[in-house]
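What follows is a set of notes on a single structure, which appears directly below.
The values are calculated or read from the model by the stated rules, or taken from the named source; none is laboratory data. Keep in mind that what you see is a predicted model, and the values were worked out from it rather than measured. Here the Cβ positions follow ideal geometry from the backbone for every residue, glycine too, while neighbour counts run over all protein chains shown.
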Amino acid sequence: MARDSQAALVALNRFGFGARGGASGDFVNAASDPRGFVKSELNRANAALLEMPGLASTPALGKALFDYQFEIQQARDAVAKSGATEAPPTEPKAQRRNPSLSSIATDMTAKESMASSADGNNVNAAMARPDAVQPNPPKPPPQPPNVIQKTFRTEALARIQRASFADCGFVERLVVFWSNHFCISANKGGLARIWAGSFEREAIRPHVLGRFADMLKAVEQHPAMLFFLDNQQSLGPDSRAGINRNRGLNENLAREIMELHTLGVGGGYTQDDVTALARVITGWTFAGRQGQLGPPGTFVFNANAHQPGAQRVMGKVYEQSGVAQGEAVLADIARHPSTAKFIATKFARHFVADDPPPALVARLQDVFGRTDGDLKALATALVDSSEAWDAPLTKMRSPYEFLIASGRLLGRNPEDPSPYLGGLNVLGQPLWSPAGPNGFPDTSAAWAAPEGMKLRLDISAQIASRLGDGIDPRELLDLVAADAASPDTRRTVERAESRQQALALLLMSPEFQRR
Amino acid sequence: MQCCEGLRSQAASRRSLLLGGAAFAAWAYLPKFARAADGGDPRLVVVILRGALDGLATVAPIGDPEYAGLHGSIALRPDGPNAAVMLDSFFGLHPAMPEFARMYRAKQAAVIHAVATSYRERSHFDGQDVLESGFAGPGRVQSGWLNRALEALPRGERVTRALAVGPTTPLVLRGAAPTVGWAPVALPQADDDTAMRLLELYQHRDPALVSALTQGLQLEKVAQGDEMKPKPGTNGIGAMRLVARGAAKLMAADDGPRIGALAFDGWDTHAKEGGPVGRLAQLLGGLDGALAEFEGGLGDRWRDTVIVVATEFGRTARINGTEGTDHGTGTIALLAGGAVKGGRVISDWPGLKPANLYQGRDLAPTTDLRAVMKGVLRDQFGLADRVLAESVFPDSRAAKPMQGLIS
C-alpha cells in the first residue's frame, strides 16, 4: 500500500488531472515519490507541444475560413442576381406586442400537456417543441458541420485526449492555466472559433516551460488575440491609413495587456500609458483573404497603420520604429515587478488556495524576477514548496478538471468531444469561451455555487447511469484516494444502493471534487 | 465518458453558451414589511449590464450641440429613418426600445442620466465589483449591496419557488442572506435518494458544500415546467427575453420571490457599435424585450414592481477609430415598472463641451448611482437612511437617497 496517500492525493489532484483507472498504477506511483511524480513531466522534451495529424496551422485555418466565407458570399450574390424570390431569410423582428398573462398561461398549459406525453429524458425531443417567444419558421434540415465547427471539435478532442492520457497531467494543467490567463473567446466570431485551438498550440504551449516574455510576445502577435481584442481595427490617428480612412485607435488590446496579461490593476500604469501602448501596437494585425500584407492568416506589421514617432510608456520613451517599438515595450513590462507579483499571485491561487500563503507568493515572485520569467523554474518552485503540499485541499475542481478526471478514472478513450463540450457548457465553463477577457473564475466560490453543485450531481448521476454497471466502486475509490479516503466517504460508497449510485457519490465526494 | 448525451447538438451547445451570460437569482424569503398602508406588495428586480453600456447611445442628448460630432457616424438623429424617440425636447431614446418608450409615455419608466458609481478607473472587473458590492472602491468582497439590503428586511415565509439561470449568483445578490436560483438545463437528474446520501456525506466530511447543494436541490423543484427551456435557434437576444420571462413567471406567484437580480453580458462595444441599427441596437432590443416580458409576466404585480437597470460605467463620449467606444465614466440607469414615477429623464446635465468632459473624454457623472439605488430601496421597502448609508452602501452618507423615484 501507498507510503504517503495524502501526498499522492495532492500530487494527482492539486497538480494533475487525477488518477487514471485500470492498471495505470498512478496512485501507487504518486505515493512512492509524490514530488518526483509531478516533476517528471517537466523534464520531457517539448512536453507541452501538441502536434498531430489533422491539426492545421493558424494561416491554413485562416485560409480555410476565408475560402468558406467567400463561397457563402458568392452563393448569396448569385441568388441576389438571379432575382429569385427566395431572398435569404432576414432576422425575424422581435414581437412588439407583449403577450397577455392569460395567453402565456394558455400557452404554458398547452405545452405542459405536451411535455407530460413526451419522454422526459429525451432532451432533443423536448427541445424541439415550438418556441412561444419567437415563432419558429419550419425547421430546415440539419446542416453538416462547417469548417469552423469541424476544426473546433478536432482541436477540442486533441486537447481532451492529451489530458486524458497524461501520467500526472501537471503540464496539461499548466497549459490550461496559461491558456485561461491569456484567454480569447471563441464566441467573438468565426476566426476566433476556428483559431481557438491553434492559438493555444502556437502561442501558449511552446512557452509553458519557457519564458514568460516569449509567451507574451507570441500571444500579443497571434492573429487570434489581435482579432479577439480588436487590434486589427486600430489605426494610428496620424498613420497613413488613419488619415486616409479617418479612423483611429482602439485601446482594447493595450488595456488588457496591462490589466490582465502583465501588470494587473494597480500595477503602476495610467490611462495615458494604456493609450500610449495602444499607439505603439498600431499596425499589429494579420493578413486577410486577399493577402495584400502577407500570407493570409499570418501576423503582419502594417507600417501604414502604425502611429509614427516615439512614445512614452510608464515613464520610458521608446524611439524604435516599426514592430520593434511594441516588442521593446512588451519585453519591459514582462520584467516589471508588478508583473512578477501579479503572475505569482494568480499562479499560487490557481494551484494552492483562493487566498494563497503570502510566503509562497513572495517566493514565486522572487523566482519569476530572478530567472527573468522562467516558467519552468516557476512551476518547479511551486512543486518544491512546502506550502503546496501542506495546504488543505480546499479548492474545487473546475468543470474541465472534473470532467477530465472522471473520464480518466473510468478509463475512457475519448473519441467524441461532444459529451465533454456539452458538460462544460452546462457547468458554465464552455471550452475556450469565457464571458470576458479575464477568463474563467478561479475561486472555489465560483464553482461551488448552488446551481453548479446541483448540476455536477446531475452530471455525475448521468455518467454513473451509463458507466456504473461493470465497475467496482470500492476499487475505484482505492484508485482515487486509497487510504487517504475518509471513513465517511468509504462508508457512503460502500452502502450505496447500486453500483451506479455508488459511482455518482464517489464522483461527488470531497476526495474527488476538492484539490 | 458519456454525459450530457442530449446536449450534443450544435443548437443545444450554442444555446448553453449564450445563456452562460444571463443569470437570475432571488432572495430565498418573502420580505415581511409594512407597506400595509397602501396594500402594496412591492417587487424589485436589479438588472446588471456587464461590459459598460454606452449611455450616450441609449438615451442620446440630441439637444446638446456637441453630441452629434462626438458620437459621429453612430449618433442617433431626431428625424429620418430609424429616428430616436424623443423623450423630451433634449433626450432621444434609441429606436430599438419601443417597449421602454411606451412605458415612459405611460409614466412607468424613467431615465437617470450622467450617473456613475464611485469608481473612477476603467477596469470592467473592478467596475463591476464596485457596482455590485456597493462598496466605495474595488477589492475582494464577498457580498453585494442587494444581499445586505435583504439582511435588513424582516424575513417572512420561505420562498417555495425560485429560478436562476447560469450556475453562479451575481455578486450583487451574494452574501449572508440566503438566495436561490435555477438553471433551465435539460438534463436527466440525480434522484432524491442519491442527493440525500450525498448531503449526509457532506455534513460529515465537507460542511461548506452542504448549503450550496441544499439550495441547488430546492431550486429545481419548481421550475421544471418545460416552457422555460430555451429552444434551438434562440439567439442571445431571445435568451434575454427567456430569462426575464421565467423570472417574471416565478416572481408573479404569491409564494414566489419578491426581490431578484439578473445579469446580461456583452455590452463592451469597442468596435462597430452601430447606431440606430447594429450590434448595440440588437442588445438594446433584447433588453427592451426582457422589460416587456417582466411587464407581461408579472401581470397585476407589475403595479408594485420596480426594475432597475445599471451598468459598471459608461463609454467615451467620442467614438474611437473603429466606430466603437472605449471605457468611460458617466452613463445612464433605467427604471421601469408600475411603481416608478416615470415619464422623466432625471439629470443634472453636465454638457459635452471638451472642458466639461471627465478627463477630457467621458460624460462627467453628476449623479451617484448609489443615490438612485438608495432612493429605490428606501421608498420601495422602507429601509432606513442610516442602514442604507452604513451597511448597504458603506460610507455613502454623501450620496443621499434620491427623492420621489417611486409613485
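What to note about this one:
- Note on segment A:469-515: among residues that are of a type outside the set (A, V, I, L, M, F, W, C), part of a loop (DSSP other than H, G, I, E, B) and surrounded by 21 or more Cβ atoms within 10 Å (Cβ to Cβ), the one that is farthest from the other protein chains (Cβ to nearest Cβ) is A:R515.
- Within segment A:29-70, tally of residues that are among the aliphatic types (A, V, I, L, M) and in a helix (DSSP H, G or I): 8
- Selection status of A:A353, without any contact (Cβ under 8 Å) to a residue 60 or more places away in the chain, under 30 Å from A:A449 (Cα atoms) and of a type in the set (A, V, I, L, M, F, W, C): yes
- Residue check, A:A310 within 18 Å of A:H181 (Cβ to Cβ) and of a type in the set (A, V, I, L, M, F, W, C): no
- Selected residue (only one of B:A52, B:A68, B:A57 is buried (at least 24 other Cβ atoms within 10 Å of the Cβ), more than 17 Å from the chain's Cα centre (by Cα) and modelled with pLDDT of 80 or more): B:A57
- Among (1) within 15 Å of the chain's Cα centre (by Cα); (2) surrounded by fewer than 24 Cβ atoms within 10 Å (Cβ to Cβ); (3) away from chain A (no Cβ under 11 Å) - the single one B:D265 does not satisfy: (3)
- Single match in B:V141, B:V115, B:V130, B:V111 (criterion: at negative phi, of a type in the set (A, V, I, L, M), in a helix (DSSP H, G or I) and under 20 Å from the mean Cα position of the chain (by Cα)): B:V130
- Which numbered condition B:W302 misses (of (1) surrounded by fewer than 23 Cβ atoms within 10 Å (Cβ to Cβ); (2) in contact with a strand residue (DSSP E or B) (Cβ under 9 Å, 6 or more places away or on another chain); (3) at pLDDT below 85; (4) facing another protein chain (nearest Cβ under 10 Å)): (3)
- Selection of first residues in segment B:277-288 that are under 14 Å from B:T325 (Cβ atoms) and at pLDDT below 90 and of second residues that are surrounded by 18 or more Cβ atoms within 10 Å (Cβ to Cβ) and of a type in the set (D, E), restricted to Cβ pairs under 7 Å at least 6 apart or on distinct chains, gives the following pairs, ordered by first then second residue: B:R279/B:E273.
- Residue within segment B:265-272 that is more than 30 Å from A:L253 (Cβ to Cβ), among the small types (G, A, S) and touching a residue at least 12 places away in the same chain (Cβ under 8 Å) present: no
- Qualifying residue in segment A:444-465 (condition: more than 22 Å from B:G175 (Cα to Cα) and outside any helix (DSSP H, G or I)): no
- Test: residue in segment A:253-266 that is surrounded by fewer than 22 Cβ atoms within 10 Å (Cβ to Cβ) and small (G, A, S): yes
- Condition met for A:V383 (farther than 26 Å from A:R159 by Cα, at pLDDT 95 or above, among the aliphatic types (A, V, I, L, M) and in contact with a helix residue (DSSP H, G or I) (Cβ under 6 Å, 6 or more places away or on another chain)): no
- Criterion: at pLDDT below 85, crowded, with 23+ Cβ neighbours inside 10 Å and part of a loop (DSSP other than H, G, I, E, B) - qualifying residue of B:P230, B:P257: B:P230
- Looking at A:E327, A:E401, just one residue is within 14 Å of another protein chain (Cβ to nearest Cβ), crowded, with 18+ Cβ neighbours inside 10 Å and assigned to a helix (DSSP H, G or I), and that residue is A:E401.
- Taken over segment A:25-34, the criterion of being out of contact with any helix residue (DSSP H, G or I) (no Cβ under 6 Å at 6 or more places or on another chain) and touching a residue at least 12 places away in the same chain (Cβ under 8 Å) is satisfied by A:D26, A:V28, A:S32.
Here's the yes/no breakdown for (1) under 23 Å from A:T262 (Cβ atoms); (2) surrounded by fewer than 21 Cβ atoms within 10 Å (Cβ to Cβ); (3) at pLDDT 95 or above:
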site	(1), (2), (3)
A:A128	no, yes, no
A:P142	no, yes, no
A:Q161	no, yes, yes
A:C183	yes, no, yes
